[in-house]
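The values are calculated or read from the model by the stated rules, or taken from the named source; none is laboratory data. Everything numeric here is computed off the predicted structure, so don't read it as measured data. For neighbour counting, all protein chains shown are included, and Cβ atoms are generated from backbone atoms with ideal geometry for every residue, glycine included. Side chains included, ligands, DNA and RNA excluded: accessible areas come from the protein's heavy atoms. Shrake-Rupley method; radii C 1.70, N 1.55, O 1.52, S 1.80 Å.
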Amino acid sequence: MSRRSAGGGRSMALSGLRVLELAGLAPAPLCGMILADFGARVVRVDRAPRSAVATDVQGRGKRSLALDLKRPPGAAALRRLCSGADVLIEPFRHGVMEKLGLGPEVLLHENPRLIYARLTGFGQTGKYAKSAGHDINYVALSGVLSKLGRKGENPYAPLNLLADFAGGGVLCALGIIIALYERTISGKGQVVDASMVEGIAYISSFLWKSQNLGLWNRPRGENLLDSGAPFYETYKTSDGKFMAVGAIEPQFYDQLIKGLGLDSDKLPSQLSFSDWPEMKKKFASIFAQKTQSEWCSIFDGTDACVTPVLSFDDAPLHQHNKQRSSFIKNDQEEISPRPAPLLSRTPAVPSCKRDPFIGEHTEEILLEYGFTQEEIAKLYSDKVIESNKLKANL
Ligand SMILES: C[C@H](CCC[C@@H](C)[C@H]1CC[C@H]2[C@@H]3[C@H](O)C[C@@H]4C[C@H](O)CC[C@]4(C)[C@H]3C[C@H](O)[C@]12C)C(=O)SCCNC(=O)CCNC(=O)[C@H](O)C(C)(C)COP(=O)(O)OP(=O)(O)OC[C@H]1O[C@@H](n2cnc3c(N)ncnc32)[C@H](O)[C@@H]1OP(=O)(O)O
């Protein structure tokens, strides 16, 4: 496991980029964390009066400023911060920023180079633009949820990975980077309308565009890649763990059959759909006869596409992941995934420090953005900003 400190002397791809992230639930924090991991100076703008504990668990590499946006001097302070920023990420449903007087017309007028990223579930327009929602709702509206789940069961949302993170945080970060690239040519900022419904739909383009290939003709849970096929499944081992099987191509399927100790001449053909349920039972009874580690000994080094299903405890300890330093430890000994992808010259250097407390850096950030000590004192006395130095010094 590697332990590299932020800013360890190497310049990162996004060094010098100034980002303001208005505190949100899950997607915007990931977006901000990605930018911070790759070198951006990300300020999380938390609420004042602040809540006791930060709910953002993706605060790595960020600093926190606690600011009351509902008070006019607070909104004015954010406008000023935006004048000196490259990127603003806002995670509220449509209309919230406009109500605060912080809509894109205002902020882009004051800073035409600003990338104004709006990360929402339903986007800035349309019937649901002002409705509350969460990951599962967005996946549902994208069409994708209808495809997920096992045979005979209700659709199943795979945690909150699809909308919040893949279609939300990650695609918003991509939108920001694209807009920043375009700004190098035009000199102009723009609004990034990152709707998680559309984000999921977009990352599911393969699903949409493969509808005519016959891959998805059968009901949910009975197709090649949705747990219908015996060779694209998980199987329980004798020690209560699992193996993942993804032996799609015939040459890899042959190696699976060999590893399981079966004779392919005595089996139905791989793509005989009607035999799939029976083949699954056969595979399951064989996998149940050995431990996960025994199966790894059999399949490691083959092309059978069989791997262990690792727990969070086991994944960082797996030899392959250790060889690539795929997981890192911070100063609190917390383990998390190393930023991906790896850039050869300017890789991400994630911070090893703990996440910021709410309001921990209020003063230093305001000074950095050009506020005077007198202006800061006024904001304090007006109770528009808060700092949390006490906790930070513990
Ligand atoms: C499935 C996921 C969500 C998972 C989240 C969980 C991980 C966490 C949810 C609850 C957490 C727990 C809880 O907090 C209790 C504990 C607290 C403790 O500290 C830690 C442990 C906890 C157990 C804690 C643990 C975890 O953190 C939780 C379990 C998702 O799908 S996330 C994606 C959600 N959707 C979106 O992001 C799409 C866009 N956003 C929205 O649609 C809405 O924001 C949303 C999410 C529906 C929320 O609606 P809401 O009405 O609450 O907000 P908005 O309409 O957007 O308006 C925001 C209002 O706040 C004002 N405001 C904002 N910033 C400031 C500021 N700096 N100063 C003053 N005011 C501010 C803003 O003006 C708005 O005010 P109005 O309503 O008056 O207009």
Q | the stretch 29-145: relative contact order as a whole-number percent, Cα under 8 Å and 6+ apart | A | 19
Q. Using a cut-off of 28 Å between alpha-carbon atoms, which lysines can reach residue 236, once sequence neighbours fewer than 8 places away in the same chain are excluded?
A. 147, 151, 258, 266, 280, 281, 282, 290, 322
Q. At 37 °C and 0.692 mPa s, what whole-number value in µm²/s does Stokes-Einstein give for the translational diffusion of the chain, with Rh from the Kirkwood sum over Cα pairs?
A. 138
Q: Please work out how much accessible surface residue 148 shows to a 1.4 Å probe, ignoring ligands, DNA and RNA, in Å² rounded to 10.
A: 40
Q.
About the Cα centre, and with charges only on the beta carbon of Lys, Arg (+1) and Asp, Glu (-1), how big is the dipole of the chain? Nearest 20 debye, please.
A. 500
Q: With r as the distance between the Cβ atoms of residue 125 and residue 248 and R0 = 30 Å, compute the FRET efficiency 1/(1 + (r/R0)^6) and round to 0.05.
A: 0.15
Q: Identify which of 89, 136, 176 has the largest mean-square fluctuation in a Gaussian network model of the chain, with springs joining Cα atoms closer than 10 Å.
A: 136
Q. Once you list every other residue whose beta carbon is under 11 Å from the beta carbon of residue 194, what net charge do they have if Lys and Arg are +1 and Asp and Glu are -1?
A. -2
Q: List the aspartates and glutamates whose Cα lies under 16 Å from the Cα of residue 378, skipping any in the same chain that are fewer than 8 positions away.
A: 68, 363, 364, 386
Q: Determine the percent antiparallel among the DSSP beta bridges restricted to the chain, to the nearest 5.
A: 35
Q. Rounded to a whole number, what % of the accessible area of the stretch 61-216 do carbon and sulfur atoms account for, probe 1.4 Å?
A. 60
Q) Can you tell me the accessible area per residue over the stretch 314-394, all protein chains present, probe 1.4 angstrom, in square angstrom? A) 60
Q: List the lysines whose Cα lies under 17 Å from the Cα of residue 383, skipping any in the same chain that are fewer than 8 positions away.
A: 70
Q | Residues with amide H under 5 Å from that of residue 190, placed H, sequence gap 5 or more | A | 115, 116
Q. If you build a Gaussian network model of the chain, linking Cα atoms that sit under 10 Å apart, which residue out of 201, 284, 26 swings the most?
A. 284
Q: Multiply the residue separation of residue 318 and residue 373 by 0.36 nm, subtract the distance between their alpha-carbon atoms, and state the gained length in nm to one decimal.
A: 14.6 nm
Q: Report the one residue of 351, 256, 298 whose Cα lies farthest in the direction of the positive end of the charge dipole of the chain (charges on C-beta: Lys and Arg +1, Asp and Glu -1; origin at the Cα centre).
A: 351
Q. Once the other residues with Cβ under 13 Å from the Cβ of residue 111 are scored (Lys, Arg +1; Asp, Glu -1), what is the net sum?
A. +3
Q: Leaving ligands, DNA and RNA out of it, rank 338, 18, 150 by accessible area with a 1.4 Å probe, largest first.
A: 150, 18, 338
(Q) For a quick check of understanding: with a 1.4 angstrom probe and all protein chains in place, what accessible area in square angstrom does residue 153 have, to the nearest ten? (A) 100
(Q) For a quick check of understanding: with a 1.4 angstrom probe and all protein chains in place, what accessible area in square angstrom does residue 134 have, to the nearest ten? (A) 110
Q | Average Cα contact separation per residue, the stretch 119-260, under 8 Å, 6 or more apart, as relative contact order % | A | 25
Q: Name the residue farthest towards the positive end of the dipole of the chain from the options 269, 165, 83, assuming +1 on Cβ of Lys and Arg, -1 on Cβ of Asp and Glu, about the Cα centre.
A: 83
**Q.** Rounded to the nearest 20 debye, dipole of the stretch 232-309 from Cβ charges on Lys, Arg, Asp, Glu
**A.** 300
Q) In Å, the Kirkwood hydrodynamic radius of the stretch 232-309 over pairs of distinct alpha carbons? A) 12.4
Q) Dividing the convex hull volume of the alpha carbon atoms of the stretch 181-319 by its residue count, what do you get in Å³ per residue? A) 199
Q: Starting from the residue with the highest accessible area, list 329, 281, 70 in decreasing order, probe 1.4 Å.
A: 70, 281, 329
